[in-house]
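What follows is one structure encoded as structure tokens, with my remarks underneath.
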Amino acid sequence: MSVAIRLAGCGRTWPGGSIALHPLDLDIAAGETLVLLGPSGCGKTTLLRLIAGLEAPDAGGRVFFDGEDVTRLPIERRHVGMVFQSYALFPNMDVAGNIGYGLRVRGVARAAARRRVDEMLAMMRLDGLGGRRIEALSGGQRQRVALARAIAPRPRVLLLDEPLSALDARLREQLRQEIDALLRSLGITAVYVTHDQAEAMALGDRIAAMEKGRIAQIGTGRDLYHRPANDFVAGFVGDTNRLATPEGERLVRPEHLALRRSATGGFTVVQATFLGPVVRVLLRDAAGRELRADVPDEDVPAPGERVAVLFQGRSLETEAAASPA
Amino acid sequence: MPDRLRAALLIAPALAVFLAFFLVPLGQLAVAGGAGGYTTILTEPRYWRSLASTLLVAAGTTAITLAIATAVGLFLARTRFPGRGTLLALLTLPLAFPGVVVGYLVIMLAGRQGLVANISLALGGDRIVFAYSLSGLLLGYVYFSIPRTLLTVMAAAEKLDPRLEEAARSLGASSFGVLRDVLLPGLAPALTAAGAICFATATGAFGTAFALASRIDVLPMVIYTEFTLQANLAVAAALSFLLGLATWAVLALARGASGGAAA
């Protein structure tokens, strides 16, 4: 049911000559959830659209589903499910009409289609809403309808383009858990685009961090967080400090720093912000360099106090920091 | 000053103009027909035929214009190519022509010495001439109606969310399926509005018919003939009122169908 995806030498250049995606190779295992993570304009959506068949790769690039070359296959024949940030539900159809659309255009028998729609309504906790018009739904319900519509025809691959970005924080968290459970229970190969690192960490078997049309690093959330391949990944996945040490410049996570009051300490507290689980302390040294430390909310030094900074963990060994170019 | 009074004062000039230049003449027109005028047009089959052919030409013009404008509008709204701006300018050029010029263009194309006649003659056939008939009139009206319909369709097409089409395609919809299930429903309000304007214009257009031939039996021509040549004021007034009523009825129907989006 689920298929492996392979991209070989897939790049994408816009007609104007600007490069959206540098040629890249990518393997996604059957049943795996791969998250494409990066800031806007990094090429993550272009990569998703290449897999979907909404964009064609530049000459030489090829896309395979389980070894079958689908490069020339348009999206309507690739049998993929897509979920968009804007939901993209058909306003002229009700909820059941939307969910059953893929079954209808593929010629599934009416009774079988109705059974599948009911199954999807139950799975997405939309029971009783089949006859609702789309305008009458909340944002969270709309996105669940969009998911149900994409899954109903049992696609080979599920592609999600920032599906939660239009929702508010609480709903986002809840729907994220639902999507996670859904992807695991279906065992479907999924590619999930987001700019939100927390979402990426929670959902992906693997994360591909993308920068300027290239995959900067691909690996588990732990890999990216603890062993970032370069400064970009270190800065985009979590917060980092640049710390000058006798051995050279080091990248250190704010939670790996501890503070001790000391009249001879090198840093002055500029600001202490209570964030809930931790207090984010902004420090500055005599040369004006800034440092951010996340410390427990116990006896936190006040602004103006002098402190010494201690390592409480490892510094990040990025390739860039280890071998300065 | 109470708000109501101020509002009444503010709306008074518009109301005066509306009364003086619309309601009063319209009322006079309705009355001018007199019992005689209305009896004549209701009993004389010639006028019924004229009304029928007027509505038929208007309906045909609307259908053909909508079909062409939808296809061209969708293409132009989604495709960028060199010369697109020039093409659009050419397509909307007829906006600047009076109906008489449009009629003249139809004669150049399909008249006795027209392009079509000359080509068909050169190919060894008869002269094909259709300028001076209802087909010629239809052609002229279509040409005349395409620009504004096209602009309305393009504006609506540019507002359609391209993701809707992509979602439909990802679910397996063919191009025809996308057109039927996504594009046409999305464009429906604009198409109804543009179609209503197109229909109203085609019902009342006079210049083109006048340029083509006086024997074309559409209502504006009949009214002109009754009014100026035969000084039959009662019948002309009754016909005018009938034409207005028929057009208004069609527009009201269109407005009902589109949920208020039509003009």
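Treating the Cα atoms of the range A:239-315 as identical point scatterers in vacuum, please give the log10 of the normalised Debye intensity I(q)/I(0) at q = 0.12, 0.16, 0.20 Å⁻¹, two decimals.
Cα-only, vacuum Debye calculation for the range A:239-315: -0.28, -0.51, -0.82.
Roughly how many Å is it from the Cα centre of the range A:179-222 to that of the range A:51-81, as a whole number?
20
State, in square angstrom and to the nearest 100, the accessible area buried between chains B and A, both chains counted, probe radius 1.4 Å.
Details: alone 14690 and 15730 Å², together 28800 Å².
Roughly 1600 Å² of accessible surface disappears when B and A pair.
In the range A:239-315, carbon and sulfur make up what percent of the accessible area (probe 1.4 Å)?
Values: 2220 of 4450 Å².
Answer for the range A:239-315: carbon and sulfur cover 50 percent of the accessible area.
Would you tell me the accessible area of A:Met93, worked out with a 1.4 angstrom probe on the heavy atoms of the protein chains, in Å² to the nearest 10?
20
How much FRET efficiency would the formula 1/(1 + (r/R0)^6) give for A:Arg154 and B:Leu233, where r is the Cβ-Cβ distance and R0 is 60 Å, rounded to 0.05? Intermediate results must be reported in sequence, preceding the final value.
On the way: r = 74 Å, r/R0 = 1.23.
After rounding, the FRET efficiency stands at 0.20.
Grab the other residues whose beta carbon is less than 15 angstrom from that of A:Gln141, score K and R as +1, D and E as -1, and report the net.
Details: positive: A:Arg125, A:Arg132, A:Arg133, A:Arg142, A:Arg144, A:Arg149, A:Arg170, A:Arg172; negative: A:Asp94, A:Asp127, A:Glu135, A:Asp168, A:Glu178.
In short, +3.
Would you mind computing the Rg to Rh ratio of the range A:1-107 from its alpha-carbon coordinates, Kirkwood style for Rh? Could you put the intermediate results ahead of the total?
On the way: Rg = 15.4 Å, Rh = 15.4 Å.
With Rh from the inverse mean 1/r over Cα pairs, Rg/Rh is 1.00.
Test of understanding: what is the full-extension gain from B:Arg84 to B:Asp3, defined as 0.36 nm times their sequence separation minus their Cα-Cα distance?
Values: separation 81, 0.36 × 81 = 29.16 nm, distance 5.21 nm.
Once the chain is fully extended between B:Arg84 and B:Asp3, it gains 24.0 nm.
Using alpha carbons only, how many angstrom separate the centre of the range A:1-43 from the centre of the range B:239-257?
That distance is 57 Å.
Could you grab the Rg to Rh ratio for the range A:5-232? Cα atoms only, Kirkwood for Rh. Please list the in-between numbers first.
Numbers: Rg = 17.7 Å, Rh = 18.2 Å.
Looking at the range A:5-232, the ratio lands at 0.97.
Considering all alpha-carbon pairs of the range A:86-187, what whole percent are spaced by more than 19 angstrom?
The share of Cα pairs beyond 19 Å in the range A:86-187 comes to 39 percent.
Based on the alpha-carbon set only, what is the convex hull volume of the range B:168-221 divided per residue, in Å³? Don't skip to the answer; put the middle values down first.
Details: hull volume 5.4 nm³, N = 54.
Per residue, the Cα convex hull of the range B:168-221 comes to 100 Å³.
Skip the ligands, DNA and RNA, and give the accessible area per residue of chain B with a 1.4 Å probe, whole Å². Intermediate results must be reported in sequence, preceding the final value.
Details: 13830 Å² over 263 residues.
That works out to 53 Å² for each residue.
When the Kirkwood radius is taken over all Cα pairs of the range B:110-190, what Stokes-Einstein diffusion coefficient follows at 25 °C and 0.890 mPa s, in µm²/s? Present the calculation step by step, with values, prior to reporting the outcome.
Working: Rh = 16.0 Å.
The Stokes-Einstein estimate is 154 µm²/s.
Can you pull the percent of Cα pairs in the range B:33-258 with separation above 31 Å?
34
Sorted by accessible area with a 1.4 angstrom probe, largest first, how do B:Phe130, A:Phe267 fall?
On the way: B:Phe130 65, A:Phe267 40 Å².
So, going from the largest accessible area down, we get B:Phe130, A:Phe267.
By the scheme Lys and Arg +1, Asp and Glu -1, what is the net charge of all other residues having a beta-carbon under 9 Å from that of A:Gly100? Intermediate results must be reported in sequence, preceding the final value.
Working: positive: A:Arg104, A:Arg114, A:Arg116, A:Arg149; negative: none.
Net charge in that neighbourhood comes out at +4.
In whole percent, how big is the carbon plus sulfur part of the accessible area of the range A:5-232, probe 1.4 Å, protein atoms only? Mind showing how you got there, number by number?
On the way: 4570 of 9470 Å².
Its accessible area is 48 percent carbon and sulfur atoms.
Scanning chain B for trypsin sites (Lys or Arg not before Pro) in DSSP loops with at most 13 other Cβ atoms within 10 Å, what's the longest stretch left with none? Walk me through the intermediate numbers first.
On the way: sites that count: B:Arg80, B:Arg112, B:Arg215.
The reported range is B:113-214.
Please work out the FRET efficiency for the pair A:Arg306 and A:Thr13, using the Cβ-Cβ distance as r and a Förster radius of 45 Å; give the result to the nearest 0.05. Numbers along the way, then the final one.
Working: r = 54 Å, r/R0 = 1.21.
Between A:Arg306 and A:Thr13 the formula returns 0.25.
Would you compute, for the Cα atoms of the protein assembly as shown, the largest minus smallest coordinate along each principal axis and list the three values in descending order, in whole Å?
Rounded to whole Å, the extents work out to 111, 76, 51 Å.
The values are calculated or read from the model by the stated rules, or taken from the named source; none is laboratory data. Remember, it's a predicted structure, so these values are computed and weren't measured experimentally. A quick note on method: Cβ atoms are made from the backbone with ideal geometry, for glycine too, and the neighbour counts reach across all protein chains shown. What goes into the accessible areas is simple: the full protein's heavy atoms, side chains included, and nothing from ligands, DNA or RNA. Shrake-Rupley method; radii C 1.70, N 1.55, O 1.52, S 1.80 Å.
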